[in-house]
Amino acid sequence: MGRADMVYGFTGLHPQLSMLYFLVLLGACMMFQHPVYSLVSFVCVVALLFSLDGGRALKKVIKGYLLIAFVIFISNPFFSSRGATILFYAWDRPVTMEAIVYGAIFALSLLNLLLAFVAFNLVVTPDKLLYLLTPYAPRTAFVITVTLRFVPLLTRRLQQIMTIQRAMGYLHPGGSKKHLMREGMETMHTLVGWSLEEALQTAGSMRARGYGIGPRSSGTVYRMDRRDKLVLWMMIITGLNIVIGALFGVNHYEVYPRLQTWQWSSQLGIHLLSYAVFLAIPLVMNGKEWLHWRYIRSNM
C-alpha cells in the first residue's frame with residue numbers, strides 16, 4: 001500500500017478536523033511574519049506533502065512556485081525604499097536591508113500558502129468539501145464541487161481529443177500555422193460539444209433522481225471515533241495556545257522601520273512549541289501509519 005492509499009492516516013481523519021487544521025495553517029501562513037515561524041511552516045508543509053503522496057504533487061508545482069517567490073524576493077527591495085539601513089543605491093533609489101528581509105519573509109509566506117493549498121487539495125477532496133459545506137450552503141458547495149471537477153476533467157478530455165487527432169494524422173507539429181489554428185478550433189469545438197452533451201445528460205439524471213427535493217444529504221457518512229476525538233483535543237489545546245498567543249503579540253516581529261533584534265522569551269518558546277506540535281499532527285499520524293504497514297509487510 002502506497003502513501004496515497006493510506007486511509008487511516010491524516011487523510012482518513014474526519015473532514016471537520018482536516019478543515020480545522022488547514023484553516024489554522026492557512027491563517028498562520030498569512031498572519032505570522034516571524035521568520036522562524038515561516039521556516040517551521042515551510043519544513044512542516046513540505047514534509048506533509050511528502051508524507052501524503054511521496055512528493056508527487058510537490059514536484060509538479062515547486063518550480064513555478066519557487067519562480068514566483070524569487071521574483072517577489074528580488075523585486076521588493078527595488079520597489080520599496082522603506083527601512084533605516086541603506087545598503088546601496090540602485091538607479092538613485094536606496095535599497096535597504098529591511099526591504100530585502102521583508103521581501104524574503106513575504107516570498108516565504110506566499111510559498112507556504114501555495115504549498116498549503118496543494119496539501120489541502122490532497123486531503124480535503126471534493127466529496128469531503130461537499131460534505132462540509134452542504135449543511136450551510138448547499139448551492140455554493142455544489143458550484144464549488146462542480147468547478148473543482150471541471151478543470152481536471154476538461155484537461156483530461158482535451159488530451160484525449162488531441163491524442164486521437166494525432167493518431168488520425170490531423171494534428172502534427174510540422175503543419176502550417178493556419179492548419180494548426182483550424183485543428184485547434186476543431187479541438188475546442190469537440191471539447192465544448194462533448195462537455196455540453198454530458199452536462200445535459202447529468203442534469204437529466206439528477207432531475208430524474210429527485211435532486212433538490214427534500215433535505216440534502218451526503219453519499220458518505222463520517223462519524224468521529226476515539227482517534228478523531230483525541231486529535232480534536234490536541235488541536236484545541238495547541239490551537240487555542242496559538243490563537244491566544246498571536247492575539248497578545250507573543251510572536252510579533254517588526255521589520256520596519258528597523259529590523260527587530262531577536263528577543264527570546266519563555267512565552268515565545270511555548271507558543272512556538274505549540275505551533276510546531278500543531279503542524280506535526282499529520283506527520284505523526286502518517287508516520288505511524290507508514291511504520292505500521294512496513295511492520296505488516298515484514299511479517300508476511
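See the values below:
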quantity	calculated
Scope segment 44-62; condition open to solvent by 10 Å² or more (accessible area, probe 1.4 Å) and on the phi > 0 side of the Ramachandran plot; matching residues	Gly54
Selection count, segment 187-231, where residues are within 19 Å of Gln159 (Cα to Cα) and in contact with a helix residue (DSSP H, G or I) (Cβ under 8 Å, 6 or more places away or on another chain)	5
Total residues in segment 65-93, condition of a type outside the set (Val, Ile, Thr), in a helix (DSSP H, G or I) and either open to solvent by less than 40 Å² (accessible area, probe 1.4 Å) or touching a helix residue (DSSP H, G or I) at 6+ places or on another chain (Cβ under 6 Å) (or both)	6
Residue tally, condition open to solvent by 100 Å² or more (accessible area, probe 1.4 Å), at pLDDT 80 or above and over 17 Å from His189 (Cα atoms), over segment 152-176	1
Candidates Val43, Val36 - the one that is in contact (Cβ under 8 Å) with a residue 12 or more places away in the chain and among the aliphatic types (A, V, I, L, M)	Val36
Ala137 in contact with a Leu (Cβ under 6 Å, 6 or more places away or on another chain) and closer than 30 Å to His14 by Cβ	no
Looking only at segment 110-136, and only at residues there that are in contact (Cβ under 8 Å) with a residue 12 or more places away in the chain and outside any helix (DSSP H, G or I), the one that is least open to solvent (accessible area, probe 1.4 Å)	Val124
Number of the exception - Gly214 against (1) in a helix (DSSP H, G or I); (2) of a type outside the set (Ser, Thr, Tyr); (3) open to solvent by less than 70 Å² (accessible area, probe 1.4 Å)	(1)
Those residues of segment 177-196 which are more than 32 Å from the chain's Cα centre (by Cα) and open to solvent by 80 Å² or more (accessible area, probe 1.4 Å), in sequence order	Lys177, Lys178, Met181, Arg182, Met185, Glu186, His189
Selected residue (criterion: farthest from Tyr102 (Cα to Cα)) from residues of segment 221-252 that are touching a Leu at 6+ places or on another chain (Cβ under 9 Å) and not in a helix (DSSP H, G or I)	Met224
Looking only at segment 31-43, and only at residues there that are assigned to a helix (DSSP H, G or I) and over 13 Å from the mean Cα position of the chain (by Cα), the one that is surrounded by the fewest Cβ atoms within 10 Å (Cβ to Cβ)	Met31
Residues (in a helix (DSSP H, G or I) and either modelled with pLDDT under 85 or surrounded by fewer than 16 Cβ atoms within 10 Å (Cβ to Cβ) (or both)) located in segment 263-275	Ser266, Gln267, Gly269, Ile270, Leu273
The lone exception for Phe73 - which of (1) within 26 Å of Gly249 (Cα to Cα); (2) in contact (Cβ under 8 Å) with a residue 60 or more places away in the chain; (3) out of contact with any strand residue (DSSP E or B) (no Cβ under 9 Å at 6 or more places or on another chain) it fails	(2)
Residue that is least open to solvent (accessible area, probe 1.4 Å) [pool: residues in segment 137-151 that are within 10 Å of Pro126 (Cβ to Cβ) and without any contact (Cβ under 8 Å) to a residue 12 or more places away in the chain]	Val146
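The values are calculated or read from the model by the stated rules, or taken from the named source; none is laboratory data. Just so we're clear, the structure is a prediction, and the values are computed from it rather than from any experiment. No Cβ is skipped: glycine too gets one built from the backbone with ideal geometry, and neighbour counts run over all protein chains shown. For accessibility, only protein heavy atoms count, side chains too; no ligands or nucleic acids. Shrake-Rupley method; radii C 1.70, N 1.55, O 1.52, S 1.80 Å.
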